[in-house]
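What follows draws every value from the coordinates through simple rules; no lab data is involved. Worth saying up front: this structure is predicted, and the values here are computed from it rather than measured. Ideal geometry is used to build each Cβ from the backbone, glycine not excepted, and the neighbour counts take in all protein chains shown.
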């Protein structure tokens, strides 16, 4: 009861037991052994008179029989509140027992031998009868704790033996030896040695009888307990355990299939390698298992990988491995935890490490920054990957926040400057990225888009960093802009820094002119370049300054922004006026792009410009695709800002009429361009970027002006619904865009540029379609199954979008409707497979199977029982579809029907077997055995499934 309910009373309970043992050994021994049985949830009385004759195996068999009859309790997995501390109390009891008994009962061979025998027997097979899992779990906990406590006692005795040995040697060296003392020391040494021998014998009995079997138990918790235990033994008692005989068990479990076991193994090794004196004895072990340790740094589980990186660092510290290159790829891993763990290691090993050639300067900021630039050279061709590297080392590398050093290196024009143009571009990226991180912004995008909740201390720290950044940047910022104004690979990072500064400090430090100079230079950069990254950064910076500054400085910022807007409008209208006069429409395209970025940040209320944009589409049919795409986007943005300007609670009727006209005009142009692009696909022209834009605008327009959404509102007049014919055209365009191989995209060059999106065009297209379905802008059965049929075809981004759409379907649809949708999706995917050429068919068949597996997995757990009738109907309809065209469509059974059968009971599967067999004529099978092979395979799978389910003991 103390172990089950009240751990605080364990020490007193142990002392009381010792008192009883000293008074009468046999009853106390029986009591202790029965305590082991009760901890397993069983009851068995031992007659003290028959204690010497007890047969351990027979007792354990009786306990196993009780378990099979259901007459035992499981305290380990019990959910009872008062049993939550059972495992801790159990191990505490046996630890206290050993430590309290080390000067007495511990060395009673009969007592400890009997305890160890029962513990090992309860953990292992007796006469081909395996104890239930909780028996093994409890006995393993007891056995491992006994061994751990024995190790503690052995360690204490070993230290005592060493002390007495030193005393004996010292006594024997004396000229006047004390014979009595020497005799006493020899006697104590002999007794201590005997005790250590007995303790080590008990440890060995537990290792051979329990540990060597349970470290590979099917139960994960038992395996984890074994790994943690042996790791602790090695650290506590290295003279006995620090050798390959025991270390190999930790090495073997590095390859365990379970995450928790692998992580426990790594943590055990980290603790062992942490002790410098252990390393020389581990040379052979390290040589044998170091490759596996390195491999785990790229483990599928993030926590294991991070822990393995820490182990990698230990190996490097002891110079057991010298090559850091295997971890280079992990600097750009998607997981922030892995990136930062590798970043810490790379910083310590490659950036902060002293270098004899650099002498005392090795810890200076400029030296460390140059080392970082050397690493970044390997990623210079991809700015996104460079951001990953910068983000990985930022927290460790304080030199990245040495603003004066960074600025000095960028402004240095001396001949002694050792930096190449690539290095300077990387240094600008480091400056911009570090500025962003220092004020709490994310440098690398994450899947979790939620805004982090900051504590008061974090907010104060970020404000302090912002103040330091601003103070360092106020004067040199215009100089940096002037120097790098003409280089688009550098200037955007310098421009963006203003968004992370405390602009009020310009006024407080009377540096308003410096701010105005930076704004004017930002405007110059906006007109100097035409790439998306620079344009977006310049616009965002100008808008930020116009809203965040105050008084005269705000007036100046708003003036610069207005001048920028007016100049864009003037240049664009001029370009439209001269459109078609030359083959190169660069001026038109770049100014359309500039207008787009302005409109993404703020409204441009210019009706004449809007008319010019319409004229461009109406009067020029031979525009380049990018010009058409940008023109459509700008018209759409103009319409959206117009919608936003309307008072939804008290709308002006004239405004509504005007907006309806604008919306209708845009919609007609979308229809025209959609038809043109579909025709161009037929002619072999993919027009990938334009098709993606059309799909996105069409989806957003339908969503914003949805008749259902706007019904019963004061702007109901604005609502409209696209025709079914147009929706079919929309999905046709989506599918055409999705069918384009990535290598053939006409926008691949754009995606390689520095301003590339983190999301592919295919993600955008599928999101456009999924949004219309999820928000019920169009019926689910219209293109819902079409979208799902693309689930596994286009990478992680598309997968995640469709996965979220399926969750919406599961929430809002009845089971039967959902299964019908799944079946239609699989039919469409299978139809594409049949249309493939022979070379592509094996891959598309596997994709059909993967789709079916993903969809069937949504019915796991209790859901399979709830959805059983619908799943059964899906299977029957799937079988019917497979037999509509035999033997051509028979492979549909294996590819798409079989995964759902795994969710059904044996009785249902037998019905399906009868259904399938009733459809088959044996003569047909004999005439074309190859064609009917899928049918035979399907039938074999079903029969195997039934036999397994109905096997005895299953």
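Suppose we take every Cα in the range 97-172 and form the convex hull; what volume per residue is that in Å³? Don't skip to the answer; put the middle values down first.
Working: hull volume 7.8 nm³, N = 76.
Here the figure is 103 Å³ per residue.
Any chance you could give the angle, 0 to 90 degrees and rounded to 10, that helix 586-601 forms with the longest Cα principal axis of the chain?
Orientation of helix 586-601: about 60 degrees from the principal axis.
Would you mind classifying the range 817-949 by shape? Square roots of the alpha carbon gyration tensor eigenvalues, ordered a ≥ b ≥ c; an a/c under 1.5 is rounded, otherwise it is prolate if a/b is larger than b/c and oblate if not.
Details: a/c = 1.85, a/b = 1.18, b/c = 1.57.
Oblate, because a/c is 1.5 or more while a/b does not exceed b/c.
Stretched out fully, how many nm does the piece from residue 130 to residue 288 gain, at 0.36 nm a residue minus the Cα gap? List each step's numbers first, then the result.
Details: separation 158, 0.36 × 158 = 56.88 nm, distance 3.41 nm.
Residue separation times 0.36 nm, minus the Cα-Cα distance, leaves 53.5 nm.
Based on the Cβ-Cβ distance from residue 600 to residue 236, what FRET efficiency comes out when R0 is 56 Å, to the nearest 0.05?
Working: r = 63 Å, r/R0 = 1.13.
For residue 600 and residue 236, the calculated efficiency is 0.30.
For residue 78 and residue 19, FRET efficiency with R0 = 41 Å and r from the beta-carbon atoms, rounded to 0.05? Walk me through the intermediate numbers first.
On the way: r = 31 Å, r/R0 = 0.76.
Computed FRET efficiency for residue 19 and residue 78 comes out at 0.85.
Which of these values of P(r) over Cα pairs in 10 Å bins from 0, in percent was calculated from the structure shown: [x] 2, 10, 17, 20, 18, 15, 10, 5, 2, 1, 0, 0; [y] 2, 8, 13, 15, 16, 15, 13, 9, 5, 2, 1, 0, 0; [z] 2, 10, 18, 23, 21, 14, 7, 3, 1, 0, 0?
[y]
Just the Kirkwood number for the range 512-609, please: inverse of mean 1/r across all distinct Cα pairs, in Å, one decimal. Working shown, then result.
On the way: mean 1/r = 0.0717 Å⁻¹.
The Cα-based Kirkwood calculation yields 14.0 Å.
How much length, in nm to one decimal, is gained on full extension between residue 335 and residue 463, taken as 0.36 nm per residue of separation minus their Cα-Cα distance?
Values: separation 128, 0.36 × 128 = 46.08 nm, distance 2.72 nm.
That pair, residue 335 and residue 463, stretches by 43.4 nm at full extension.
Can you give me the relative contact order of the chain as a percent, contacts being Cα pairs under 8 Å and 6 or more apart? Working shown, then result.
Numbers: 1023 pairs, mean separation 40.5, N = 954.
This gives 4 percent for the chain.
Which value, to two decimals, describes the C-alpha radius of gyration of the range 767-856 once divided by 2.2 N^0.38 Å? Don't jump to the answer; show the numbers that get you there.
Details: Rg = 13.0 Å, N = 90, 2.2 N^0.38 = 12.2 Å.
Computed over Cα atoms of the range 767-856, the ratio equals 1.07.
Which order do 632, 666 fall in if you start with the one that has the fewest other Cβ atoms within 10 Å? Walk me through the intermediate numbers first.
Working: 632 23, 666 20.
Exposure proxy ranking, most exposed first: 666, 632.
For helix 815-835, what angle does its Cα long axis make with the longest principal axis of the chain, in degrees from 0 to 90 and rounded to 10?
Once rounded, one gets 70 degrees.
What number, in percent, do you get for the relative contact order of the range 28-88 if the mean sequence gap of Cα pairs under 8 Å and at least 6 apart is divided by its residue count?
Numbers: 34 pairs, mean separation 20.8, N = 61.
That works out to 34 percent.
By count of other Cβ within 10 Å, fewest leading, how are 35, 40 ordered? Working shown, then result.
On the way: 35 19, 40 28.
Placing the least packed residue first, the sequence is 35, 40.
State, as an integer percentage, the relative contact order of the range 285-428 based on alpha-carbon contacts under 8 Å between residues 6 or more apart.
Here the relative contact order equals 21 percent.
Hey, for a label at residue 212 modelled as a point 7 Å past Cα toward Cβ, could you say which residues of the range 235-254 have their backbone N under 13 Å away?
245-246, 249
Give, in nm to one decimal, the length gained when the segment between residue 417 and residue 915 is fully stretched (0.36 nm per residue of separation minus the Cα-Cα distance).
Values: separation 498, 0.36 × 498 = 179.28 nm, distance 8.14 nm.
Using 0.36 nm per residue and subtracting the Cα-Cα distance, I get 171.1 nm.
Within 10 Å of each residue's Cβ, count the other Cβ atoms and sort 867, 794 from fewest upward.
On the way: 867 21, 794 18.
Ascending number of Cβ neighbours within 10 Å: 794, 867.
For the range 180-247, report the % of Cα-Cα distances exceeding 13 Å.
Numbers: 1639 of 2278 pairs.
The calculated P(r) of the range 180-247 puts 72 percent of pairs beyond 13 Å.
Quick check: the angle from helix 841-856's long axis to the longest principal axis of the chain, C-alpha only, nearest 10 degrees?
Roughly 70 degrees, rounded to the nearest 10.
How high is the FRET efficiency between residue 50 and residue 295 when r is their beta carbon distance and R₀ equals 45 Å, given to the nearest 0.05?
Working: r = 55 Å, r/R0 = 1.23.
For residue 50 and residue 295, the calculated efficiency is 0.20.
For the pair residue 776/residue 846, report the inter-label distance in nm, with labels modelled 7 Å from Cα in the Cβ direction.
A separation of 4.1 nm, rounded to one decimal place.
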